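Reviewing the structure listed below.
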Amino acid sequence: MGILKLPLHSVHGGKSLFPIPQPLLLIQPYTKFLQSPGNVGPSASNTYYWGQCVLKGAPDSQFSTRSTSVSAQPVVEEMGDKTEENPVSGDSLRRRFLNFYASHGHKVLPSSSLVPDDPTVLLTIAGMLQFKPIFLGKVPREAPRAATAQRCIRTNDVENVGRTARHQTFFEMLGNFSFGDYFKKDAIKWAWEISTEEFGLPIDRLWVSIYEDDDEAFEIWHNEMGVPVERIKRMGAEDNFWTSGVTGPCGPCSELYYDFYPERGHSDADLGDDSRFVEFYNLVFMQYNKMDDGSLEPLKQKNIDTGLGLERLARILQKVPNNYETDLIYPIIEKASELANVSYVHADDQTKMKLKIIGDHLRAVVYLLSDGVLPSNIGRGYVVRRLIRRAVRTGRLLGIKGDGKGNLEGAFLPAIAEKVIKLSTHIDSDVKARSTRILGELQREELRFVQTLERGEKLLEEMIANAVSNANKTGNVPCISGKDAFLLYDTYGFPVEITKEIAEERNVGVDMNGFDIEMEGQRRQSQAAHNVVRLGVEDGRNLVEDVSDTEFLGYDTLSARAVIESLMVNGKPVIQVSEGSEVEVLLNKTPFYAESGGQIADHGFLYVTDDENREKAVVEIKDVQKSPTNIFVHKGTIREGVLEVGKEVNAEVDAKSRQRAKVHHTATHLLQSALKKVIGKETSQAGSLVAFDRLRFDFNFHRPLLDTELEEIERLINGWIGDAAVLQTKVVPLRDAKEAGAIAMFGEKYGEQVRVVEVPGVSMELCGGTHVSNTAEIRAFKVISEQGIASGIRRIEAVAGEAFIEYINSRDSQMKRLCSILKVKAEEVTTRVENLLEELRTARTEVSALRAKGAVYKASLIASNAFSVGTSTTVRVLVECMDDVDADSLKSAAEYLIDALQDPAAVVLGSCPDEGKVSLVAAFSPGVVDLGIQAGKFIGPIAKACGGGGGGRPNFAQAGGRKPEHLPKALEKARTDLVSILTEKAS
């Protein structure tokens, strides 16, 4: 594309020259910016001094990487001469922040995935989330201090995106963290130093907020940093006291604000005034534990949690009016402007807002798709779908048509997403590697939405018009019903937020309570995205402190002697448990595999024996779970005797069930390799289950697999099984595994050392599960089903090993029984069944014809019951019950009667064809329809009286119900209503 074009009023830099993670060397600028009062960032002459660098060795501390991405490595680089780099570019600011804190002893860690390893939070919304177990004391710190550039998603303010200067759904949070190491003084000192010296922010433009009672922070800011009293604001708990929940870690906050208009002075300055101030750095001093009674107890380990908004800092230093016009986002907006054939610089505010929405939403969607979140109607998938559809509709409002490459029916989002991917290099290198899948998913989702968008928009316009019309008649505020909003959501793919936006543009409300009722649990699931990170200390905290990690022996043995470290009943620690009780047992070591990585837990027994090896207690284990701190919890039932803490047990895994799990787990690896060979390398795992009786594998793909493709997959896998390949398992550094091409599973967390399971020449994956030693142990593989489970997600279920033998034997038994019933050979079953089906179809057709004739005959007998209504026009009316006539025959009867009675005529018939079932039909001749009476509208209220509904054309309509006992009353209503309406219309 050449040189990056930015708004005329902007000061932006050129391209970034920094590669993603290289060997651990750090750079610190030797000469700082020249500063002048009132100047932001570089000197007024725009001369930058970056020629001399001091290279420093990184801290040697080790820190466990909690990243979803296999490619994630500590984000620090080996720097050379960077004289060509613009020091205020977004990429440079990110790098300079990390290098600054690395030079102050922080371990620089990669961003964690947008899919957090935390069931209480839907998406990663803060930089501290990956450190939550450390803050809770559940995981020991492996380094005293860390720094990150964390990708974050927040959608609680999505309606403000594009309207304000700072609201975004996707953003980067730069953070420095202390785990019981430095505290308030150093955190403040370094925040001030990096802001004023490293980034060159003018001191007279910086304001500070502190918690109202935090005198210590005031003293540090004022006496040691030199911030004037008038630029330090004390604020209440709502603004400046961070809590993790009702109880748990908490503490005061201190924030740095940038003042765009210092000439306005200090009196009556309001830091909440977005037009003057922007908060860019937040420091949380985690120093208390909030107790049940609300009191604050000082924490033994005080922590620091900070966040500096990269986009906000870039806005300040690049001298642009909002976050969107920084070089982090503006190139995306520029591409959208090109497709819309508009100039952003000269556009009106509404057009600019729409372009900003697209720029923001595409950024969020690309990173979510890269992290394995696919569009759906619940949870994270709902967030992606909502953002995509909001972007599509916004693009249509801008007049974007087609992909910009001549295809007017093509999707435009992929063309913009390509720009996001190009900008992703220094944020997440995996995005580019996954670009084919990202663009394909975007295209499919957009085109799928467009297919229903126009119909939905037309229907919404009708709903809005009806709401306004009804409001004019009643004098109420116009409002779309919750039922109608749900219809748009469920049938036409409209997220309710879009329905609300469009309706609000016309001053029409939406009944959200009614919508929530229609949505039932589905809508509540989609609301799971919270803007709160809960750090409540669970009851298990003492347990974690008192019990050491469990040593897992199960890779090498299925039995072991172990000591009972702790016992729990109903989640509470106990010393002794007796026969018949459900119990949770914590051992110092175990051969039992705990459920993880899709593989279910081992089954087996714990035995307590006396000195003569006689059984004193037996515990049957049916489940094993693993805590974040690697403590194995064995869940079972005491079948005999008494279990006590401190006793030694024989832990024995059920060898047969373990073998079944091993077979299915290795077969799962082979299945993934076969899928990549048959349908393409871009497909990837989206979930799995490794059980004793089957395996289940979810993967990304946009269509059902063909029978030939499934046959080829089976052929490949069974061929690899027959090769009798010896598996190779080893533990290696994460970086080495990545370079070797090992596949990682989305959603799994990997440390710096990972376990690699390889089937030579076939498969190599990061996996902590149990596996066969030789592929020949799998014996055979068979797909038993393939189906779609969500948009873009397919599922294969299969069996292998002993489960394969059981499956084949069961199918063989069923086939023998079928052959016996049909009295044919196995190879003749298909032909025989086809013949039987044809005979059945013929018989059904004949029966249907006979029923129709019977119904017509009945109709001829009741035709004489018709009566006349009207004076100027005489209409023949017939309303009758036809007992148990089925719906199709009822239709035939009505058609006969409408002809027999001649125009004008109105016929309403009802029947109860089955238990708990009502059928209704209304047939109106042309003369009746011309009077303004429509069958489709007339039949609905009649069916409602029978607990049902229905509709149809003006001249003919069918309906049903579930309350046969109400049919007489419903037909009486039909008779009364027809007489009333026709008396008025035909007189």
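The values are calculated or read from the model by the stated rules, or taken from the named source; none is laboratory data. Predicted model only: the values in this text are computed from it and were never measured. Cβ sites come from the backbone with ideal geometry, for glycine too, and all protein chains shown count toward neighbours. Heavy atoms of the whole protein, side chains included, go into the accessibility calculation; ligands, DNA and RNA do not. Shrake-Rupley method; radii C 1.70, N 1.55, O 1.52, S 1.80 Å.
Relative contact order for the chain: 7 percent, from Cα pairs under 8 Å spaced at least 6 residues apart, divided by residue count. Built from the Cα atoms of the chain, the convex hull projects on average onto 52.8 nm², one quarter of its surface area. Let a ≥ b ≥ c be the square roots of the eigenvalues of the Cα gyration tensor of region 836-944; is it rounded (a/c under 1.5), or, if not, prolate (a/b larger than b/c) or oblate? Judged from the Cα gyration tensor, region 836-944 comes out prolate (a/c at least 1.5, a/b above b/c).
Under 17 Å Cα to Cα from K816, which lysines show up? Leave out anything in the same chain fewer than 8 places away. Within reach: K825. Can you return the aspartates and glutamates within cross-link range of K676? Criterion is Cα-Cα under 15 Å, with same-chain partners fewer than 8 residues away left out. Within the straight-line cut-off, K676 pairs with D698, E709, E711, E712, E714, E765. How many percent of the accessible area of the chain is carbon or sulfur, using a 1.4 Å probe? Carbon and sulfur atoms account for 48 percent of the accessible area of the chain.
Average accessible surface for the chain: 44 Å² per residue, computed with a 1.4 Å probe over protein heavy atoms with every protein chain in place.
Which log10 I(q)/I(0) values, to two decimals, does region 219-271 give at q = 0.15, 0.19, 0.27 Å⁻¹ under the Debye formula with one point per Cα? Reported log10 I(q)/I(0), two decimals: -0.56, -0.80, -1.17. Each of I600, I778, S275 was placed along the dipole of the chain (beta-carbon charges, centred on the mean Cα), and the one lying farthest toward the positive end is I778.
Just list whichever of K432/K782; K626/K662; K635/K656 have alpha carbons separated by over 24 Å in the model shown. Violating the 24 Å Cα-Cα cut-off are K432/K782.
Paramagnetic label reach from R234 (point 7 Å along Cα→Cβ; backbone nitrogen cut-off under 13 Å): within region 186-214, residues 210-214. Each 5 Å bin from 0 upward holds the following percent of the Cα-Cα pairs of region 320-393: 3, 17, 25, 22, 16, 11, 6, 1.
Could you tell me the calculated FRET efficiency between V726 and E972, based on Cβ-Cβ distance and R0 = 60 angstrom, to the nearest 0.05? Please list the in-between numbers first.
Values: r = 81 Å, r/R0 = 1.35.
Here the calculated transfer efficiency is 0.15.
For N86, nonlocal amide neighbours, meaning residues 5 or more places apart or on other chains whose placed amide H falls under 5 Å from its own, are G14. Note on region 166-282: Kirkwood hydrodynamic radius from all Cα pairs is 15.2 Å, rounded to one decimal. Taking 0.36 nm per residue of separation and subtracting the current Cα-Cα distance, fully stretching the chain between E846 and E142 would add 245.5 nm. Between the listed residues L920, P321, L675, the Cα displaced farthest toward the positive end of the dipole of the chain, a dipole computed from Cβ unit charges relative to the Cα centre, is found at L920.
In terms of the mean number of neighbouring beta-carbon atoms within 10 Å, the peptides 866-876, 953-963, 568-578, 891-901 order highest first as 891-901, 953-963, 866-876, 568-578. Taking label points 7 Å from Cα along the Cα-to-Cβ direction, Q753 and R455 give a separation of 5.8 nm. With R₀ set to 22 Å, the beta-carbon distance separating L689 from Y555 gives a calculated FRET efficiency near 0.55. The charge dipole of the chain, taken about its Cα centre with unit charges on the Cβ atoms of Lys, Arg (+1), Asp and Glu (-1) only, comes to about 2280 debye. Remark: spin-label model distance E797-E709 equals 2.0 nm, labels positioned 7 Å along the Cα→Cβ axis. Here's the picture: a label point sits 7 Å out from the Cα of K483 along the beta-carbon direction, and within region 496-520 the residues with their amide nitrogen under 17 Å of it are 510-520. Every helix of 4 or more DSSP H residues in the chain counts as -39500 (n - 2.57), and over all residues that averages to -11000 deg cm²/dmol at 222 nm.
Ordering 455-461, 770-776 by mean Cβ neighbour count within 10 Å, with the highest value first, yields 770-776, 455-461. Applying 1/(1 + (r/R0)^6) with r as the Cβ-Cβ distance of F867 and N835 and R0 = 35 angstrom yields a FRET efficiency of 0.10.
A crude spin-label estimate for the pair I784 and K422, with each label 7 Å from Cα along the Cβ direction, gives 5.0 nm.
Sorting 140-146, 313-319 by average packing, meaning the other beta carbons within 10 Å per residue, from highest down gives 313-319, 140-146.
Excluding residues on the same chain fewer than 8 positions from K473, give the lysines whose Cα lies under 26 Å from its Cα. Candidates past the 8-residue exclusion: K458, K483, K500, K937, K944, K985.
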